[in-house]
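Below is one structure, written out as structure tokens; the observations come after it.
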Amino acid sequence: MNKVLKVILSPITNFFPKGFPVRKLIPLLLLLICESFTNNSIAAYAGFMVTDFGVVDNPSQAGYYSGILNACYFFSQFLSSFFLGVLSDNIGRRPILLIGSLGSLISTLLFGFSFNYWWAVISRSINGLVNGNIGVIKTFMGEFSTKENRAQVFGLIGLTNGLGMIIGASVGGYLARPAKQYPSIFGGMKFFEIFPFILPNLVCSLITMIGVTLGYFYLEETKPREPTNDQWYIQILNIFKKVIGRTIKIVKMLFSKEFVGILCCFSYSIISVGAAMLLTVIPLLMMASIEVGGFGWETGQIGTFNMISAVGIICTQLFIYRPTVKLFGPLWTNRIGSLGNFILYNIPPCIYYLYPYGNVALWIGLGAFGIMVNITTQFCFASVMAMIANSVKNDLLGTLNGLSQSLVALFRLFAPLISSPLIAWSFTQKFPFNAHFTFFVMSIIPLINFLLLLLIPKSINYPKQEVQYTKIIELDDIKAKNDTQQKDETTQQKDETTQQNVNSTNQINTIKTSSSEEQAHAIIIDEDENQVEL
């Protein structure tokens, strides 16, 4: 019985990777959750924010302006992420991470205090500019991990990123507009009527503060800065030179064998844009009226759906991802997740037809979809992060993670700009150009990722250092074998030469012996002849 319990509970008891310092892992996971939380909490209430600020009157048309509100964050993140990654390679990971997290905390509060649409756009842009921490966090975790625990470490990144997405969207749904959602508690408070979206942002800021505090005390620098006596302005110039140098290195990678790392970055970007479009469109579909194919839900119901969907993320990390990646490797696990998303992305508008069978059938359909799509999405995210870490050596890992995050931000910039207006337009159309068309267009994205993954070799399943080290060992073995063969051949030649010398000596001795015998015989004959004459 104890053995059975041990096997069942092993995914929970082995939740943290063996050999990975937990004190350093917890603040990194908290900051990662906050980054994802900040990024995704707005999805649950962006449409309501647009309508509450009086930008539009019809909730079905909120997608046009909520798309801009989401896109400005990703555009700002695109501008800063690559340079933050390069800076982390030059001045250290720790200062970039802590400063960026503090900036994220302040800008999150500013966004929560939005009182009109343009204040929200500006504060959201500032938040994206300073919130490029996910690349630095992945670099930290890649450097702390080993070959044995890397799959589990990046599974945790996928888990926390996914939990941040779900919890952020859930908290955003439950805590936004509290005066309207919970009038018995917040009904008479003017503060929450003036700032209806402050509560979810306060929660995010609190978690960020905890993460920054723990990171300050427990995070150690993995890439310490070299000591210098240069003046501060010379140091800044040197940093800019290094930024330019790293940029040139990345450009050279496009035309070298390291190109596989760039392909992994594009795969990560494609996965992210698909997830971002789904996360943007699902709340808009749920808040739209039943007459246009939506569900007519409020933010609280959307939050409940997100909480149910989180079961898929937790189950993936605890029970599914590790055995799958051990069996197939990160590359094929990514491919499996992409094919799964291609199918699942077409399901949400079909769930609408469960309405005649009652709310229970509707919730079962939506819950099953949310859990399954999170499982397949986690397959993609966790695998592609491990592939990026395996594609280069540690000295370029920060730069490549910064590049990947910039590409993700660039791709996700277009997600709300395309998906939000597209779903708003589809609500005015009939089949086949209604909501089914929007989700079909979205399903093409994971299919593109699957085709891209066919170009990536199997060697991406192993760390770069290990592959190179294995090749060096193989070369050394070959060289040692050649040296041994040469020594054996030389020894054999020496033995043959020695044998020849011995044979030659024997022949000479034989000849000398024969000559001596002939001379002695001649003397005897001479003596005999002399005796005859006498």
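The values are calculated or read from the model by the stated rules, or taken from the named source; none is laboratory data. Predicted model, so just to flag it, every value in this text is computed and none were measured. Backbone-built Cβ (ideal geometry, glycine too); neighbour counts: all protein chains shown.
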Starting from the range 389-405, take each residue that is more than 15 Å from residue 145 (Cβ to Cβ) and modelled with pLDDT of 75 or more and list its partners that are hydrophobic (A, V, I, L, M, F, W, C) and not in a helix (DSSP H, G or I), counting only C-beta distances under 6 angstrom and pairs at least six apart or across chains.
400/392
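Residue-by-condition table, conditions (1) of a type in the set (A, V, I, L, M, F, W, C); (2) assigned to a helix (DSSP H, G or I); (3) surrounded by fewer than 24 Cβ atoms within 10 Å (Cβ to Cβ); (4) touching a Gly at 6+ places or on another chain (Cβ under 9 Å):
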position	(1), (2), (3), (4)
102	yes, yes, yes, no
110	yes, yes, yes, no
127	no, yes, no, yes
136	yes, yes, no, yes
170	no, yes, no, yes
192	yes, yes, yes, no
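Among 379, 427, which is the only one that is surrounded by 24 or more Cβ atoms within 10 Å (Cβ to Cβ) and either within 28 Å of residue 170 (Cα to Cα) or among the basic types (Lys, Arg) (or both)?
Working: 427 fails: surrounded by 24 or more Cβ atoms within 10 Å (Cβ to Cβ).
Answer to the check: 379.
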Please tell me if residue 208 is of a type in the set (S, T, N, Q) and either surrounded by 19 or more Cβ atoms within 10 Å (Cβ to Cβ) or in contact with a helix residue (DSSP H, G or I) (Cβ under 6 Å, 6 or more places away or on another chain) (or both).
yes
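Wholly within the range 312-394, which helices (runs of 4 or more DSSP H) include no fewer than the required count, namely at least 2 residues that are under 18 Å from residue 277 (Cα atoms) and touching a Pro at 6+ places or on another chain (Cβ under 7 Å)?
Hits in the range 312-394: 321-344.
Out of the residues in the range 30-66 meeting the condition of being at pLDDT 75 or above and among the small types (Gly, Ala, Ser), tell me which one is nearest to the chain's Cα centre (by Cα).
So in the range 30-66, the residues at pLDDT 75 or above come out as 30-38, 41-42, 45-56, 65-66.
Checking the rest, the ones that are also among the small types (Gly, Ala, Ser) come to 36, 41, 46-47, 54, 66.
On the way: 36: 13, 41: 21, 46: 26, 47: 29, 54: 39, 66: 27 Å.
The selected residue is 36.
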Among 454, 417, 422, the single one that is farther than 27 Å from residue 349 by Cα, surrounded by fewer than 24 Cβ atoms within 10 Å (Cβ to Cβ) and either out of contact with any Phe, Trp or Tyr (no Cβ under 7 Å at 6 or more places or on another chain) or hydroxyl-bearing (Ser, Thr, Tyr) (or both) is 454
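Evaluate the range 72-84: report whether one residue or more is in contact with a Ser or Thr (Cβ under 6 Å, 6 or more places away or on another chain), at pLDDT below 80 and more than 30 Å from residue 424 (Cα to Cα).
We begin by selecting, within the range 72-84, every residue in contact with a Ser or Thr (Cβ under 6 Å, 6 or more places away or on another chain); these are 72, 76, 78, 81-82.
When the remaining residues are screened for being at pLDDT below 80, the result is 81-82.
From what's left, more than 30 Å from residue 424 (Cα to Cα): 81-82.
Yes, that holds for at least one residue.
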Selection from the range 85-100 of residues that are at pLDDT 85 or above and either touching a strand residue (DSSP E or B) at 6+ places or on another chain (Cβ under 6 Å) or outside any helix (DSSP H, G or I) (or both)
none
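Condition check ((1) surrounded by 15 or more Cβ atoms within 10 Å (Cβ to Cβ); (2) at pLDDT below 70; (3) in contact with a Leu (Cβ under 8 Å, 6 or more places away or on another chain)) across all residues:
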| position | (1), (2), (3) |
| --- | --- |
| 254 | no, yes, no |
| 261 | yes, no, yes |
| 285 | yes, no, no |
| 292 | yes, no, no |
| 295 | yes, no, yes |
| 300 | yes, no, no |
| 306 | yes, no, no |
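Please verify whether the range 318-328 includes one or more residues that are in contact (Cβ under 8 Å) with a residue 60 or more places away in the chain, under 31 Å from the mean Cα position of the chain (by Cα), crowded, with 24+ Cβ neighbours inside 10 Å and more than 26 Å from residue 73 (Cβ to Cβ).
yes
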Identify, from the list 215, 211, 158, the residue that is at pLDDT below 85, closer than 30 Å to residue 380 by Cβ and part of a helix (DSSP H, G or I).
158
Long-range neighbours under 9 Å by Cβ, at least six apart or interchain, first residue buried (at least 16 other Cβ atoms within 10 Å of the Cβ) within the range 339-355, second of a type in the set (Phe, Trp, Tyr) and not in a helix (DSSP H, G or I):
351/295; 352/295
